[in-house]
Amino acid sequence: MHINTTNFEKYINMAEACHDEDPKLRPRQIYFMEQNQRNCAMEQAKTILSEMPDDALVILTDLDEIPSGKKN
């Protein structure tokens, strides 16, 4: 399943607020934005997958971090 956070208003508002700040006042690392994006994606996933069994395995990752399906 692909969840696109660019359509998720809560994430967009957080991202815009971050980018509207003076760069000198932002935290040195803005990895908190990735965490916000993951949290929003997880909120969407919980809604979409509400009928999943309790023991289902869900892997949440960014597109640039999709694990390989190959075994070593």
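The values are calculated or read from the model by the stated rules, or taken from the named source; none is laboratory data. Quantities reported herein were computed from a predicted structural model and do not represent experimental measurements. Please note: Cβ atoms are built from the backbone with ideal geometry, for glycine as well, and neighbour counts cover all protein chains shown.
Report yes if ILE30 is assigned to a loop (DSSP other than H, G, I, E, B), among the β-branched types (Val, Ile, Thr) and at pLDDT 75 or above, otherwise no. Considered against the rule, which asks whether it is assigned to a loop (DSSP other than H, G, I, E, B), among the β-branched types (Val, Ile, Thr) and at pLDDT 75 or above, ILE30 comes out as no.
Scan segment 51-64 and give yes if some residue there is surrounded by 13 or more Cβ atoms within 10 Å (Cβ to Cβ) and either of a type outside the set (Ser, Thr, Tyr) or at pLDDT 80 or above (or both), otherwise no.
no
Of the residues screened, ASN13 is not one that is assigned to a helix (DSSP H, G or I), modelled with pLDDT of 80 or more and either within 10 Å of the chain's Cα centre (by Cα) or of a type in the set (Asp, Glu) (or both).
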